[in-house]
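The values are calculated or read from the model by the stated rules, or taken from the named source; none is laboratory data. Keep in mind that what you see is a predicted model, and the values were worked out from it rather than measured. Glycine gets a Cβ as well: all are built from the backbone with ideal geometry, and neighbour counts include every protein chain shown. All accessible areas refer to the heavy atoms of the entire protein, side chains included, with ligands and DNA or RNA removed. Shrake-Rupley method; radii C 1.70, N 1.55, O 1.52, S 1.80 Å.
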Amino acid sequence: MSWGTELWDQFDNLEKHTQWGIEVLEKYIKFVKERTEIEIGYAKQLRNLSKKYQTKKNSKEEEESKYTSCKAFQTTLNEMNDYAGQHEVISENMTSQITAELTRFVQELKQERKSHFHEGRKAQQHIETCWKQLEASKRRFERDCKEAERAQQYFERMDADINVTKADVEKARQQAQIRHQMSDDSKGEYSSVLQKFNREQNDHYYTHIPGIFQKLQDMEERRIGRMSDSLKTYAEIDRQVVPIIGKCLDGITKSAESINGKQDSQMVIESFKSGFEPPGDVDFEDFTQSMKRTVSDNSLTNTKADGKSDAKVPSKSRGKLWPFIKKNKGATPEDFSNLPPEQRRKKLQQKVDELNKDIQKEIDQRDALTKMKDVYTKNPQMGDAASVGQKLAEIGHNIEKLRFEVQKFEGWLAEVEGRLPVRNDNSRRQSGLYETQNTTTANNCAQDRESPDGSYTEDQSQETEVKVTPTEFDDDFDDEEPLPTIGTCKALYPFSGENEGTISVAEGEVLNVIEEDKGDGWTRIRRNEDEEGYVPTSYIEVYLDRNAKGAMTYI
């Protein structure tokens, strides 16, 4: 079926229909464009969401990312980032393959349609002009025929009238002949114009208009075909990313299957293991011993005579439940002395590894600059060897500084590793539960090793019984006899002493030592009679008095 033969008289309707077809295509283009905007916006939101929950470097979250559940979550975030990338691909492909292509195609269609209808209007104007020419020729022929007839009738009346002169009759006859000639000429012209019009009309309705309408039909069918292809492309663009999106979802599923509760539980042990043994049984302290003396007339005499009593008076130590002490929220000590031994060892080892990596980087850079300096020395035109030498000196200084840091941390590490207890049946470790310890003399009554940061103290000394003369008994056991000074110390570094049980010191300050390091990294010192506490042993230089009562050899 052809528009040229079937719709030869529907010029205006075809003009409206083709305009509507282009508007449908433009509507589809607008739809795809809005879809691309949605895809790119969705992808951006997904990327921002993934970035928001990514593990931040140098944070506590980075340490927690070692657990399988956290790794699975991070994998999910990475897969969602790739998932967002596929939506960006959809947007890019739809923009390039549909929106841009169809926009150009629509512009071409508009130009082609305009050209075709301009040609159709021109053909219509031409046939209308031919029709007007035919009508004019026809009217002229009709007028000339009427004029010739009237001239003939006038001549016949003049010829029949006897009163009219012969000259008048001749004149009328000549006028009639002229009118008949004009009528014949008009007839010939009318006949010629009519034949021409019929040919033009035949060409118009069977050649020109069918040709133009056929072009319009071809144009419309191309538009419909292009719309069909574009819809297939629209679906294909989505279909292309489906396998990749499927892989992203498979990756999320695989990461979920990789979660291992047992492994995470083991990591928790490794992360928080202190290295201490559980506390032993707490000994019963019998405070009724001093009250078991028989009330009699000679009781005071016996007491004075004996001068001694078998009653055991407990020391006035103040035990602390260290695990429940509020932690210091200040800066972490450089030697991580605020951590239990096992965790402190891990932190120190990690710090040593990081410093060694930094040293290796500096060494690699030094080697590269050394080669560059040699090249500049041999070929001065390539660069200044002196500037490279200055940089080498700076790197050498950095290496020495880093090596000093490594030695410092390795010293702390060796100290911790040497003090970590070996787990056996005979070992007994102190915990957060308080434990009363007695020494051989009343003046050297043991003080509980109060670890100011929640770590624990180990004391290898055995408990011994002390026989003392019963004296005035304090209900609260708070009045302790001050410990004797066993030496002095000099602070190598400043210490804030913000935790309970610690004391702040300034660099270079000299203080008295009243209790040496028992193996937990803390030394008890006194500034004056009323101010005493613990400081990290690594922060001070200790000078013990070997002749002091209760003093031990310091190594």
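General remarks:
- Residue count for region 487-516 under the criterion of being open to solvent by less than 20 Å² (accessible area, probe 1.4 Å) and touching a helix residue (DSSP H, G or I) at 6+ places or on another chain (Cβ under 8 Å): the result is 2.
- Of all residues in region 236-246 being open to solvent by 40 Å² or more (accessible area, probe 1.4 Å) and without any contact (Cβ under 8 Å) to a residue 60 or more places away in the chain, the one that is farthest from Met80 (Cα to Cα): Glu236
- Looking only at residues in region 247-266 that are aliphatic (A, V, I, L, M) and surrounded by 15 or more Cβ atoms within 10 Å (Cβ to Cβ), the one that is nearest to the chain's Cα centre (by Cα) is Ile252.
- Options Val388, Val406, Val375, Val422; residue that is modelled with pLDDT of 70 or more and within 30 Å of Asp335 (Cα to Cα): Val406
- Selection status of Asp12, open to solvent by 50 Å² or more (accessible area, probe 1.4 Å), closer than 25 Å to Gln107 by Cβ and of a type in the set (Asp, Glu): yes
- Test: His116 is in contact with a Leu (Cβ under 6 Å, 6 or more places away or on another chain) and either closer than 25 Å to Lys215 by Cα or open to solvent by less than 60 Å² (accessible area, probe 1.4 Å) (or both): yes
- The test for being more than 15 Å from Arg223 (Cβ to Cβ) and either open to solvent by less than 90 Å² (accessible area, probe 1.4 Å) or at pLDDT 95 or above (or both) does not hold for Thr18.
- Enumeration of residues in region 488-504 that are assigned to a strand (DSSP E or B) and at pLDDT below 90: Phe495, Thr502
- Residue match in region 304-322 (condition: of a type outside the set (S, T, N, Q), surrounded by 15 or more Cβ atoms within 10 Å (Cβ to Cβ), at pLDDT 70 or above and not in a loop (DSSP other than H, G, I, E, B)): no
- Looking across Thr18, Thr55, Thr5, one residue alone is farther than 30 Å from His208 by Cβ and of a type outside the set (Gly, Ala, Ser). It is Thr55.
- Remark: pairs (first residue in region 107-135, within 21 Å of Trp3 (Cα to Cα); second residue part of a helix (DSSP H, G or I) and open to solvent by 50 Å² or more (accessible area, probe 1.4 Å); Cβ separation under 7 Å; 6+ apart in sequence or on different chains) = His116/Lys215; Ala123/His208; Ile127/Gln201.
- Scanning region 61-110 for residues that are open to solvent by less than 40 Å² (accessible area, probe 1.4 Å), farther than 28 Å from Glu236 by Cβ and of a type in the set (Ser, Thr, Tyr) yields a total of 4.
Conditions tested, residue by residue: (1) under 25 Å from Arg222 (Cα atoms); (2) hydroxyl-bearing (Ser, Thr, Tyr).
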site	(1), (2)
Tyr28	yes, yes
Arg35	yes, no
Lys44	no, no
Gln54	no, no
Met80	no, no
Thr99	yes, yes
Thr103	yes, yes
Leu109	yes, no
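- Being touching a Leu at 6+ places or on another chain (Cβ under 9 Å) and open to solvent by 70 Å² or more (accessible area, probe 1.4 Å) is a condition met by no residue of region 26-42.
- Of residues in region 131-165 being assigned to a loop (DSSP other than H, G, I, E, B) and of a type outside the set (Asp, Glu), the one surrounded by the most Cβ atoms within 10 Å (Cβ to Cβ): Val164
- Restricting region 335-353 to residues that are among the charged types (D, E, K, R), surrounded by 14 or more Cβ atoms within 10 Å (Cβ to Cβ) and in a helix (DSSP H, G or I), the residue that is modelled with the lowest pLDDT: Glu342
- Yes/no for Gln365 being exposed (fewer than 13 other Cβ atoms within 10 Å of the Cβ), of a type in the set (S, T, N, Q) and under 38 Å from the mean Cα position of the chain (by Cα): no
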